2 protein chains.
Amino acid sequence: MQNDILMRGRAVLAQNVLAPEVLAQDLNADNPSTALLVERLTALDPSDAAAALLVLPRRRAVAVCDRPELLTAAEVFAALPRQEAAAFLADMSADRATDVLGTLAAPLRNELLARIEPRTRATLKQLLAYPVDTAGGIMTTEFVALPETTTVAGALAHIRTVEQSRETIYAIYVVDGEQRLTAAITLRRLIAADPSATIISLSAGRPPVVVRSDTDRETVAATIRRHDLLAVPVVNDAGHILGIVTVDDVLDAIIAETTEDVHKFGGLETFSEPYLQIGFLSMIRKRAGWLCALFLSEMLTASAMQHFEAELERAIVLTLFIPLIMSSGGNSGSQATSLLIRALALGQVRLRDWWRVVLREMPAGLTLGIILGTIGIARISIWQGLGLYDYGPHWMLIATTVGAGLIGIVTFGSMAGAMLPFILQRLGFDPASASAPFVATLVDVTGLIIYFSVATVILSGTLL
Amino acid sequence: MQNDILMRGRAVLAQNVLAPEVLAQDLNADNPSTALLVERLTALDPSDAAAALLVLPRRRAVAVCDRPELLTAAEVFAALPRQEAAAFLADMSADRATDVLGTLAAPLRNELLARIEPRTRATLKQLLAYPVDTAGGIMTTEFVALPETTTVAGALAHIRTVEQSRETIYAIYVVDGEQRLTAAITLRRLIAADPSATIISLSAGRPPVVVRSDTDRETVAATIRRHDLLAVPVVNDAGHILGIVTVDDVLDAIIAETTEDVHKFGGLETFSEPYLQIGFLSMIRKRAGWLCALFLSEMLTASAMQHFEAELERAIVLTLFIPLIMSSGGNSGSQATSLLIRALALGQVRLRDWWRVVLREMPAGLTLGIILGTIGIARISIWQGLGLYDYGPHWMLIATTVGAGLIGIVTFGSMAGAMLPFILQRLGFDPASASAPFVATLVDVTGLIIYFSVATVILSGTLL
């Protein structure tokens with residue numbers, strides 16, 4: 001059977017993947033063929049991809065498994081012979097092995113863990129315990145740590161021997177006698193330094209930048225960006241280094257966060273799977289939740305309309321502009337929300353700045369409302385003037401109602417859209433949960449009330 | 001006068017910024033105090049920040065100017081004495097100096113450039129010519145390039161001498177006799193290698209991963225992520241290396257792209273300035289454009305309503321559900337759009353997959369429509385049953401109309417929302433231009449027509 005799978009693997013490689021001379025090449029971190037290989041294998045049936053992995057040169061097969069772009073990793077590992085799957089996991093970087101294990105069914109995960117040697121198994125089990133959106137969930141344990149008294153020459157010699165098994169060697173972590181992190185030295189600094197100096201003498205004298213294992217991955221990304229780091233150490237309360245998060249993991253984390261934010265803003269629970277691989281039921285579940293919640297809230301519009309039924313019957317012409325007016329409120333609201341979500345995410349605006357935001361959005365909303373109101377009045381006047389439609393003898397009053405309604409609704413929409421992310425953040429939610437549909441729904445009900453109230457004032461005694 | 005500004009700088013530093021013992025510390029790339037200093041200076045009045053820069057230790061002042069987080073850089077440079085401003089620019093990394101120059105008014109930019117020594121000036125002028133959202137616009141020219149025949153020991157010796165003036169030394173670029181890029185070697189590989197070997201012998205034998213100067217920054221980011229690089233070289237048609245884009249610049253570019261995408265999805269032109277620094281007129285201009293375009297399109301709803309005026313007058317009860325039905329179409333559309341925008345951006349779905357997307361969205365939309373339709377029918381039946389509102393003798397037909405209308409509109413909304421990003425990409429636009437308000441507007445007009453058509457069929461002979 002083992003022979004069968006190897007023959008199949010050879011056939012798969014020969015037909016689908018890459019020329020043998022490319023595969024035989026020395027593996028290099030930035031060898032472009034690895035990324036290509038990952039893409040080809042992802043597109044294959046998982047059992048074919050598993051067979052191919054078995055016949056690839058060992059280091060290259062591990063390099064392929066190490067890439068998060070191997071989207072079918074869970075299926076591929078399920079299709080591999082157990083012993084081989086465990087061996088790959090043990091050789092992969094600990095953070096990626098953890099991610100793969102996390103996507104496997106619990107019985108298979110435990111079976112594979114049992115086949116891994118105890119020390120690696122302990123590391124993986126520990127990493128599996130951290131939530132995926134925290135520093136602990138994206139960190140790896142393969143870093144270079146050395147005692148303070150190591151010389152520069154000694155450090156370089158050590159780095160040469162461990163280079164292959166470390167995620168990065170560009171940051172070297174210095175620990176004291178109690179294994180507490182005291183400094184982070186870059187390789188740049190190390191190779192430019194006097195070989196006989198101790199590594200601790202290269203430190204800036206200030207505590208290094210660190211994060212905790214429960215730090216949110218967005219904060220980790222912001223920390224790495226803020227200090228232009230290639231990796232940030234993760235420490236516990238005692239100051240011991242638990243692992244490191246490298247910049248490439250942060251890049252992946254930022255992409256995942258962006259997807260999450262766009263999905264939330266579109267008004268649905270986020271999906272981590274690629275679109276075409278989302279199961280039908282999961283798709284319905286994650287969309288129906290918000291859609292129903294919004295639908296139930298939007299039912300208030302029907303109640304509001306029922307409340308103004310008398311006005312509606314007397315001036316049916318008012319209904320013609322309901323969709324136009326409501327959508328303008330929703331649109332101006334979603335503009336303001338998208339502006340403030342990003343401003344809050346980037347730290348350009350803080351919770352205490354809400355009042356300054358009000359002072360900006362109020363005049364902006366008013367100005368935008370006046371612009372749309374003017375267009376609305378012009379539309380009614382032109383249609384009436386050209387005889388395209390007859391709004392009746394009171395068409396000027398109707399135009400005034402529509403114009404004034406637009407000013408009120410666009411101002412309210414801008415204010416409500418801008419404040420919603422603040423309110424959510426204040427209540428402890430992610431401000432990015434303020435979706436465009438959520439804002440639109442919020443503004444719709446109020447918009448109708450504003451419109452009919454304006455109509456009652458302007459048209460009372462004539463149409464109403 | 002020069003003395004005045006120095007005294008003021010000292011006063012500013014003493015009052016606002018950091019303790020003198022921190023400022024006197026040796027500068028280190030990951031010294032946390034630099035990031036803090038940048039934040040403090042950004043919050044100051046630009047002329048105070050400029051004065052402070054003049055009294056800071058030279059290397060630290062340059063390090064501060066080098067940070068993109070110094071958001072007020074344009075104002076600070078305008079407030080600096082000309083000669084000092086030019087000197088800072090010459091010492092900053094070329095990519096950051098270019099960014100700062102790009103934000104200055106043209107007369108000041110030219111004056112400062114004229115004071116920079118000719119070679120650096122030529123580099124900066126060349127970099128200024130590239131659009132900001134391309135590889136050329138974010139690359140720097142401070143990289144390490146060496147001839148193929150250099151030995152490993154020679155390369156390491158060279159790196160030690162140039163280390164301080166290079167943006168990264170973790171990637172070493174190998175050029176042939178005609179200065180064409182032939183390989184990229186990582187520092188990891190170099191320090192682990194035999195010192196007497198030539199650097200070209202360390203190459204994987206395949207051409208290195210490269211981008212062109214006009215490559216979109218999103219593609220540059222995807223390339224760096226795909227190959228887990230710390231930097232990617234930018235080459236011209238002849239294969240000469242023009243510069244490099246480092247991973248920290250890519251991180252900044254991704255954040256900028258995310259902001260752009262969220263702003264677009266919210267239905268406005270993007271802003272690069274922080275929210276509180278956007279000028280009022282610029283704010284109105286960038287929001288009013290889309291708002292007016294959407295308003296004009298949404299006017300079609302008024303036309304559609306006018307078309308169905310006879311039906312409206314006979315069955316005013318139908319108007320009660322217009323906002324509810326329209327918003328459901330818009331919400332399901334913006335869900336589908338946000339899903340597909342990300343799927344396209346991440347390459348999970350390609351243009352040719354549109355048909356597979358239709359086959360997923362059609363049943364999903366139908367199912368979601370049935371769920372909302374059922375809730376809608378239940379709402380009318382319960383209100384009628386409990387006597388909360390009287391929808392008249394034909395209330396069951398009205399409930400059926402609302403339910404059937406919802407199924408049609410939610411299905412159409414999901415399909416339209418999913419297809420819009422494809423259509424935009426096919427027409428050569430960014431699929432992320434498919435904003436939530438845009439989708440809602442598209443669905444609103446069609447939604448009204450669907451609703452009234454369903455009503456005509458179901459209610460004809462009774463209410464209509």
Looking at (1) acidic (Asp, Glu); (2) at pLDDT 90 or above; (3) in contact with a Lys or Arg (Cβ under 9 Å, 6 or more places away or on another chain); (4) outside the structural domain of A:Glu84 (by TED's automatic domain parsing), which is the one condition that is false for A:Glu163? (2)
Return the only residue of A:Leu296, A:Leu276 being farther than 14 Å from B:Gln335 by Cα and either touching an Asp or Glu at 6+ places or on another chain (Cβ under 6 Å) or at the interface with chain B (Cβ under 7 Å from one of its Cβ atoms) (or both). A:Leu276
Hey, among B:Ala193, B:Ala231, which residue is closer than 25 Å to A:Leu70 by Cβ, more than 7 Å from chain A (Cβ to nearest Cβ) and touching a residue at least 40 places away in the same chain (Cβ under 8 Å)? B:Ala231
Boolean, A:Arg166 is within 11 Å of chain B (Cβ to nearest Cβ) and under 18 Å from A:Ser93 (Cβ atoms): yes
Quick one: is A:Ser338 within 29 Å of the chain's Cα centre (by Cα) and under 20 Å from A:Ile450 (Cα atoms)? no
Test result for A:Ser328, in contact with a helix residue (DSSP H, G or I) (Cβ under 8 Å, 6 or more places away or on another chain), modelled with pLDDT of 90 or more and of a type in the set (Ser, Thr, Tyr): yes
Hey, B:Leu351 more than 25 Å from B:Asp430 (Cα to Cα), more than 9 Å from every other protein chain (Cβ to nearest Cβ) and either modelled with pLDDT of 90 or more or surrounded by fewer than 24 Cβ atoms within 10 Å (Cβ to Cβ) (or both) or not: no
The residue from A:Arg166, A:Arg115 that alone is of a type in the set (Lys, Arg) and touching a helix residue (DSSP H, G or I) at 6+ places or on another chain (Cβ under 6 Å) is A:Arg115
Among all residue pairs at least 6 apart or on different chains, which show Cβ distances below 6 Å where the first residue, located in segment A:360-373, is more than 18 Å from B:Gly279 (Cβ to Cβ) and more than 9 Å from chain B (Cβ to nearest Cβ) and the second is part of a helix (DSSP H, G or I) and small (Gly, Ala, Ser)? A:Gly373/A:Gly403
Just wondering, is there one or more residues in segment A:239-260 that are within 30 Å of B:Ala302 (Cβ to Cβ) and within 7 Å of chain B (Cβ to nearest Cβ)? no
In segment B:187-231, the residues that are closer than 16 Å to A:Thr34 by Cα and among the hydroxyl-bearing types (Ser, Thr, Tyr): B:Ser203, B:Thr223
Please enumerate the residues belonging to segment A:98-117 that are among the small types (Gly, Ala, Ser) and under 15 Å from A:Leu80 (Cα atoms). A:Ala105
Per-region count, segment A:299-322, residues within 7 Å of chain B (Cβ to nearest Cβ) and without any contact (Cβ under 8 Å) to a residue 40 or more places away in the chain: 8
Go through segment A:275-300 and report how many residues are surrounded by 20 or more Cβ atoms within 10 Å (Cβ to Cβ) and among the basic types (Lys, Arg). 1
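Conditions tested, residue by residue: (1) part of a strand (DSSP E or B); (2) in contact (Cβ under 8 Å) with a residue 24 or more places away in the chain.
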{"position": "A:Pro107", "(1), (2)": "no, no"}
{"position": "A:Arg119", "(1), (2)": "no, no"}
{"position": "A:Thr123", "(1), (2)": "no, yes"}
{"position": "A:Gly136", "(1), (2)": "no, yes"}
{"position": "A:Glu163", "(1), (2)": "no, no"}
{"position": "A:Val174", "(1), (2)": "yes, yes"}
{"position": "A:Arg188", "(1), (2)": "no, no"}
{"position": "A:Ile200", "(1), (2)": "no, yes"}
{"position": "A:Arg206", "(1), (2)": "no, no"}
Can you name every residue in segment A:138-155 that is in a helix (DSSP H, G or I) and buried (at least 21 other Cβ atoms within 10 Å of the Cβ)? A:Ile138, A:Val152, A:Ala155
Between B:Arg60, B:Arg40, B:Arg8, B:Arg67, which is outside any helix (DSSP H, G or I) and at pLDDT 70 or above? B:Arg67
Considering only segment A:86-96, how many residues are over 13 Å from A:Ala63 (Cβ atoms) and touching a strand residue (DSSP E or B) at 6+ places or on another chain (Cβ under 9 Å)? 2
Would you confirm whether any residue within segment B:72-80 is under 16 Å from B:Gly9 (Cβ atoms), within 14 Å of chain A (Cβ to nearest Cβ), buried (at least 18 other Cβ atoms within 10 Å of the Cβ) and under 21 Å from the mean Cα position of the chain (by Cα)? yes
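The values are calculated or read from the model by the stated rules, or taken from the named source; none is laboratory data. A quick note: this is a predicted structure, and the numbers were derived from the prediction, not measured. Note that each Cβ is placed from the backbone with ideal geometry, even for glycine, and that neighbours are counted across all protein chains shown.
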